[in-house]
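Some notes on the structure that comes next.
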Amino acid sequence: MKGLKEMVTRRTVAVVPAYDGVHQSVIHDFGGRKTFSRKSSKDILDESCMAYRSTYDGRIKAVRHAFDYLRKTPLMICPQLYIYAIPTMAPTDYDCMWLFCQHIESTSTSEGKTYVHFTNGEHLEINCSESVITKQRERAAVTMTHFSTIPTISSMNRNETELYLPGFHSSIQDLTEFGDDTTLDY
């Protein structure tokens, strides 16, 4: 995929800002590996969304259309694979950290610092309160549920689910809706 070196996958646990003067972000994966990147977190997320057939802006717009999450909107990078990320603060802020919901086990606060604990046993100090991260996780859960619910054919009007291609017809076609009581025989 066109030189895509840093991509979010199901193994990504966080994408956070880098403060080393060279890199802009660090990608944390489930195995404990950290990949430093010269790309911003937003660029990594946008390129990952495009690899999964959308864009960052398109995914955010879809969530905002469904819900009134105008700030710190959860990002559904790939709803089919349940890859969702939540920001700790405004995504336009350099310090924004993106946490991947499927890997968050719990959160805690100790000595005025908030930590997220991942399912791989690692933890990360985050830059928001425990109540903010709890609210973000709740929003992500609602978003995941909403976008994973796909209507079944039986629950929809069958005619709306059929694909019409000129010149290609089913051998059993009901033409009653066109005022003809006959079916086509091939």
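Every read-out reported here was derived from the displayed coordinates using simple, explicitly stated rules and does not represent laboratory data. Everything quoted here is computed from the prediction, not taken from an experiment. Glycine also receives a Cβ, built like all others from the backbone with ideal geometry; neighbour counts cover every protein chain displayed.
Please go through segment 23-37 and pick out each residue that is hydrophobic (A, V, I, L, M, F, W, C) and closer than 10 Å to VAL13 by Cβ.
Once the filter is applied, which keeps residues that are hydrophobic (A, V, I, L, M, F, W, C) and closer than 10 Å to VAL13 by Cβ, segment 23-37 yields ILE27, PHE30.
What number of residues within segment 37-57 are more than 12 Å from MET7 (Cα to Cα) and either of a type outside the set (Gly, Ala, Ser) or in contact with a Pro (Cβ under 8 Å, 6 or more places away or on another chain) (or both)?
Qualifying residue count, segment 37-57: 5.
Here is a list: THR9, THR35. Which entry is in a strand (DSSP E or B) and surrounded by fewer than 19 Cβ atoms within 10 Å (Cβ to Cβ)?
From the options THR9, THR35, the qualifying one is THR35.
Residue-wise test of (1) among the charged types (D, E, K, R); (2) out of contact with any His (no Cβ under 8 Å at 6 or more places or on another chain); (3) crowded, with 17+ Cβ neighbours inside 10 Å.
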position	(1), (2), (3)
VAL26	no, yes, yes
ARG59	yes, yes, yes
ARG71	yes, yes, no
LEU75	no, yes, yes
LEU81	no, yes, no
PRO91	no, yes, yes
TYR94	no, yes, no
PHE100	no, yes, yes
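How many of the residues making up segment 52-68 are over 12 Å from the mean Cα position of the chain (by Cα) and either within 19 Å of VAL8 (Cα to Cα) or in contact (Cβ under 8 Å) with a residue 60 or more places away in the chain (or both)?
The qualifying residues number 2.
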